[in-house]
Amino acid sequence: NVPGDWRETMSTHWFHDHMFEHTSENVYKGNAAMFNIYSSLDRGAEDINDGVNLRLPSGRASVSGKAWANLDYDVNLMLADKAWDDDGQLLFDIFDRDGFLGDVVTVNLAYKPFFNVERRKYRFRILNASVARFYKIMLSDGSPMIQIANDGNLLPRPVTLTRLDELGIAERYDIVIDFSRYGIGQTVSMVNLAEHEDGRKVEDILSLSEALSGNSNDPGVGKFLEFRIVRDPPQPDISCVPAVMIPNPDLSNIPVSRIREFEFGRGAKRTSNDPVTASEGEWGIRTPNSDMLAADFGRVTAQPGSGKREVWILKNGGGGWDHPIHIHFEEGQVLARNGLARNVPLWEKGRKDVYRLRPGGSVTITMQFRDWGGMFMQHCHNTVHEDHAMLMR
């Protein structure tokens with residue numbers, strides 16, 4: 001019972017440096033962090049049963065004395081691949097315009113991480129904080145995970161999966177894993193199935209056996225986080241994964257004021273030499289009947305009206321790359337993939353703020369612009385593409 005639409009309740013977020021033309025190298029060096037938003041619905045206290053709290057895995061208020069944000073069983077996982085030089089210093093190639101790939105996948109900036117868990121349910125908030133690498137996550141024994149959120153939003157309904165969808169840069173997937181199915185002393189690992197040859201896109205999705213074989217030329221493939229089952233929980237697991245979580249806001253009574261189309265691709269044209277506002281590079285954004293343009297935040301490409309609802313078609317201009325497109329300040333709902341509503345999977349049925357286009361693909365979304373009056377940005381969250389120069393105001 002708070003102002004606003006409770007169906008817009010938000011949860012898992014992150015923040016990072018956004019310096020014009022230098023976002024990729026600064027985020028890569030660690031200038032990024034996650035944060036969680038708690039609410040009456042997503043409270044972080046699984047023992048408060050008031051008819052509103054969803055009681056997702058977190059911890060008990062009766063144990064900690066905290067009525068919000070218990071983190072015993074609610075864990076943030078920030079994935080980021082890194083590389084080091086011969087002196088052990090973090091290495092980044094500023095001349096790679098396709099997207100830099102590291103050879104070691106870190107979790108929360110830890111090298112070869114492991115995590116001790118109890119035999120009960122945990123919630124993991126997974127963020128792809130890499131520069132260009134995509135992930136496709138599976139457990140090493142092929143057992144199921146329950147996806148409960150996509151980006152900063154709980155889904156209308158949970159989805160049980162053995163393999164998560166590709167996780168684009170800046171996307172967040174919240175999942176629940178039930179470790180009660182394992183015995184004390186057992187281990188299970190998260191495995192990345194997405195194989196890259198370069199930073200443009202995922203080259204192949206491997207089978208679990210292929211990813212675990214060690215035969216891939218991509219060192220980012222394979223196990224990247226080991227869970228060690230070390231004990232029974234001190235108290236019974238009373239957390240829930242409810243069949244219904246947070247429905248989407250209903251925009252059907254709000255007329256669509258405009259349909260816009262944006263194409264993301266290569267061969268960008270620079271229209272200004274202003275050293276402050278203009279950028280240059282291989283990547284850009286095109287609107288209908290215009291050139292592919294490089295970033296220039298002195299140029300306003302779209303100007304939605306306050307409170308207006310619009311439909312945007314985000315198109316990938318080629319099949320040789322992928323782009324996770326991030327739109328600042330407003331959540332959207334995915335209406336179609338490649339022009340068809342039936343192509344939208346269950347785990348994309350909630351609200352989002354990052355949209356993977358897939359090679360040669362398109363995503364149709366709808367948003368209502370409110371709350372913020374000022375400069376919105378839209379850009380590719382392969383941050384190398386963003387810096388050179390796939391960004392618009």
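The values are calculated or read from the model by the stated rules, or taken from the named source; none is laboratory data. As the structure is a prediction and not an experimental result, all values here were calculated from the model. Cβ sites come from the backbone with ideal geometry, for glycine too, and all protein chains shown count toward neighbours. Surface areas here come from the heavy atoms of the whole protein model, side chains and all, with no ligands, DNA or RNA. Shrake-Rupley method; radii C 1.70, N 1.55, O 1.52, S 1.80 Å.
Of note:
- Selection status of residue 358, open to solvent by 20 Å² or more (accessible area, probe 1.4 Å), under 23 Å from residue 14 (Cβ atoms), out of contact with any Pro (no Cβ under 8 Å at 6 or more places or on another chain) and at pLDDT 95 or above: yes
- Single condition residue 246 does not satisfy, out of (1) over 30 Å from residue 4 (Cα atoms); (2) surrounded by 13 or more Cβ atoms within 10 Å (Cβ to Cβ): (1)
- Extreme residue, farthest from residue 16 (Cα to Cα), among residues of the range 144-162 that are in contact with a Leu (Cβ under 7 Å, 6 or more places away or on another chain) and touching a residue at least 40 places away in the same chain (Cβ under 8 Å): 159
- Selected residue [surrounded by fewer than 14 Cβ atoms within 10 Å (Cβ to Cβ) and of a type in the set (Lys, Arg)] from 266, 228, 258: 258
- Counted residues, the range 26-49 - those being touching a helix residue (DSSP H, G or I) at 6+ places or on another chain (Cβ under 8 Å), open to solvent by 30 Å² or more (accessible area, probe 1.4 Å) and in contact (Cβ under 8 Å) with a residue 60 or more places away in the chain: 1
- Taken together, 297, 262 contain a single residue that is modelled with pLDDT under 95, of a type outside the set (S, T, N, Q), over 18 Å from residue 98 (Cα atoms) and touching a Phe, Trp or Tyr at 6+ places or on another chain (Cβ under 9 Å), which is 297.
- Qualifying position, being farther than 29 Å from residue 165 by Cβ, outside any loop (DSSP other than H, G, I, E, B) and not aromatic (Phe, Trp, Tyr), among 272, 257, 290, 306: 257
- Remark: residue 115 falls outside the filter, which requires a residue to be modelled with pLDDT of 95 or more, open to solvent by 10 Å² or more (accessible area, probe 1.4 Å) and closer than 20 Å to residue 31 by Cβ.
- Pairs, first closer than 19 Å to residue 130 by Cβ and open to solvent by 10 Å² or more (accessible area, probe 1.4 Å) in the range 177-203, second part of a loop (DSSP other than H, G, I, E, B) and hydroxyl-bearing (Ser, Thr, Tyr), C-beta under 9 Å, six or more apart: 195/216
- For residue 393, the criteria (1) within 15 Å of the chain's Cα centre (by Cα); (2) surrounded by fewer than 19 Cβ atoms within 10 Å (Cβ to Cβ); (3) among the basic types (Lys, Arg) hold in every case but one, which is (1).
- Positions within the range 99-112 being under 19 Å from residue 164 (Cβ atoms) and either at pLDDT below 95 or surrounded by fewer than 24 Cβ atoms within 10 Å (Cβ to Cβ) (or both), in sequence order: 106, 107, 108
- Test for residue 284: is it at pLDDT 95 or above and either farther than 21 Å from residue 317 by Cβ or open to solvent by less than 40 Å² (accessible area, probe 1.4 Å) (or both): yes
- Here is the figure for the range 141-176: residues that are polar (S, T, N, Q), assigned to a loop (DSSP other than H, G, I, E, B) and open to solvent by less than 10 Å² (accessible area, probe 1.4 Å) total 0.
- Unmet criterion (only one of (1) more than 30 Å from residue 49 (Cβ to Cβ); (2) modelled with pLDDT of 95 or more; (3) of a type in the set (D, E, K, R)) for residue 274: (2)
- Filtering 141, 165 for residues that are more than 24 Å from residue 186 (Cβ to Cβ) and either among the acidic types (Asp, Glu) or in contact with a helix residue (DSSP H, G or I) (Cβ under 6 Å, 6 or more places away or on another chain) (or both) leaves a single hit, 165.
- Cβ-Cβ distances below 7 Å connect the following pairs, each with a first residue in the range 71-85 that is under 14 Å from residue 14 (Cα atoms), a second residue that is part of a loop (DSSP other than H, G, I, E, B) and hydroxyl-bearing (Ser, Thr, Tyr), and a separation of six or more residues or different chains: 79/130; 80/130.
- Some residue of the range 86-98 being open to solvent by less than 10 Å² (accessible area, probe 1.4 Å) and either β-branched (Val, Ile, Thr) or modelled with pLDDT of 95 or more (or both): no
- In the range 333-353, the qualifying residues are those that are under 14 Å from the mean Cα position of the chain (by Cα) and part of a strand (DSSP E or B), and the one that is surrounded by the most Cβ atoms within 10 Å (Cβ to Cβ) is 351.
- Output for the range 50-67, where each listed residue is surrounded by fewer than 16 Cβ atoms within 10 Å (Cβ to Cβ) and among the hydrophobic types (A, V, I, L, M, F, W, C): 52, 63, 67
- Of all residues in the range 340-353, those that are within 10 Å of residue 150 (Cβ to Cβ) have Cβ atoms under 9 Å from Cβ atoms of residues that are in a helix (DSSP H, G or I), 6 or more apart or on another chain, in 351/7; 351/8.
- Filtered residues of the range 71-88 (kept if among the acidic types (Asp, Glu), in a strand (DSSP E or B) and over 20 Å from residue 168 (Cα atoms)): 74
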